[in-house]
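Notes follow the structure.
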Amino acid sequence: MLKRAAVCCFANVQEGRSPRILREIAEAAGSVPGAALVRVFSDRTFDRSGLCILGEGEAVGDAVVAMVTKALERIDLTSEDRQHNNRIHHHIGAVDLLPFHPIGSASLEDAAAVSRSVAMRLGRDLHLPVLLYGAAHHSGKDLRSLRKTTSFFRSGGKGAQPDFGPSTASDRSGITVCGASEYVVNFNVALATIKLDAGTKIAKAVRAVTEGGMEGVEAMAYIHTGPDGKDVVEVACNLKAPSSLQGNAAAVFARIASLAETSGIRVVHGYTTNPTPDQLVALLAQTPHARGFTLVPGVAMPVPNAGWAPLGDGNVEWLVPPGEAPMI
């Protein structure tokens, strides 16, 4: 029996274009008492969606397993349309990433215990190869280091051996990465340019591993479709210290805007795809499953130019990048 603690999972699935399929996956994610699906973020360009599930740890684990089961039924990585789309987000699986995070007074080990339990069930019951990272793995290896051992970056190796499930992945479903870490905010900044090398230079400058970089920031540059249908370059950031002075979204946005201006590039917008830490606590408090949890207020984090396009779907927010038409 897992300890009663509040955790969340922002599950990343490789489907961002079919409302019908996404509704089926979302219904599965929201089907377990004690866990709540509170947000779906869908990106048509990348054909990828994130589903934010939060609540009691064991219930969140059950909800994630139900969601993965449905996603594997409905997502086929070998489908014809995917083979000719070079804009699809980097991935190694139909359910590409299952990151678990503690909320409020929950500990990182609480999230790791849920993550390991889910990974074991996916490997055993769904015969899905699963790789562990972060606090869920005995070595503590981070997500980026793990991905370098897979084909995620498209130039990497394929030598990673699953921690659970079969050693060989199916072409249809691929491999799932599952782990636990302190909360990470996904933050993207669109630049009015089609020069990918310019975006890559800016992404490198803000990375924490770069001298003079920003605390806790990982960043890559992608070509993305902008709000007017024209291509832009997006600097996609993982903010691993989202409540810090130098690692929060507002600070990262300001640095990217300054670097872009120096290169004569205009910033189009910036936006988060998952809730901020303070939003998570507020969302948990609003769910019927919050009773009995000790909540620690998050740190307010202003996100500039976060132009949401919500679609009402019961109590679930269904969001898309700024300027895009809602999913219907």
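Kindly indicate whether Thr210 is among the hydroxyl-bearing types (Ser, Thr, Tyr), more than 21 Å from the chain's Cα centre (by Cα) and open to solvent by less than 30 Å² (accessible area, probe 1.4 Å). Here the answer is no, as Thr210 does not meet what is asked. Taken together, the residues in the stretch 187-205 that are open to solvent by 30 Å² or more (accessible area, probe 1.4 Å) and either among the β-branched types (Val, Ile, Thr) or at pLDDT below 95 (or both) amount to 2. Filtering Arg17, Arg48 for residues that are within 25 Å of Gly323 (Cα to Cα) and surrounded by fewer than 21 Cβ atoms within 10 Å (Cβ to Cβ) leaves a single hit, Arg17.
I'm trying to understand the selection: among the residues of the stretch 24-70, which are out of contact with any strand residue (DSSP E or B) (no Cβ under 8 Å at 6 or more places or on another chain) and β-branched (Val, Ile, Thr)? Spell out how you get there, then give the answer.
Keep residues of the stretch 24-70 that are out of contact with any strand residue (DSSP E or B) (no Cβ under 8 Å at 6 or more places or on another chain), which gives 24, 27-28, 31-33, 47, 58, 61, 65-66, 69-70.
Once the filter is applied, which keeps residues that are out of contact with any strand residue (DSSP E or B) (no Cβ under 8 Å at 6 or more places or on another chain) and β-branched (Val, Ile, Thr), the stretch 24-70 yields Val32, Val65, Thr69.
Among the residues making up the stretch 51-81, those that are within 25 Å of Arg172 (Cα to Cα), open to solvent by 10 Å² or more (accessible area, probe 1.4 Å) and in contact (Cβ under 8 Å) with a residue 40 or more places away in the chain are Val65, Thr69, Lys70, Leu72, Arg74, Asp76, Leu77, Thr78. Contact map, the stretch 98-111: first residue under 19 Å from Arg147 (Cβ atoms) and open to solvent by less than 50 Å² (accessible area, probe 1.4 Å), second residue part of a strand (DSSP E or B) and among the polar types (S, T, N, Q), Cβ cut-off under 7 Å, separation 6 or more or different chains; pairs are Leu98/Thr176.
Of all residues in the stretch 38-54, none are more than 25 Å from Val233 (Cβ to Cβ) and more than 16 Å from the chain's Cα centre (by Cα).
The values are calculated or read from the model by the stated rules, or taken from the named source; none is laboratory data. Model, not experiment: these values are computed from the prediction. Positions of Cβ are backbone-derived with ideal geometry, glycine not excepted, and every protein chain shown enters the neighbour counts. Ligands, DNA and RNA are excluded from the accessible area calculation, which covers all protein heavy atoms including side chains. Shrake-Rupley method; radii C 1.70, N 1.55, O 1.52, S 1.80 Å.
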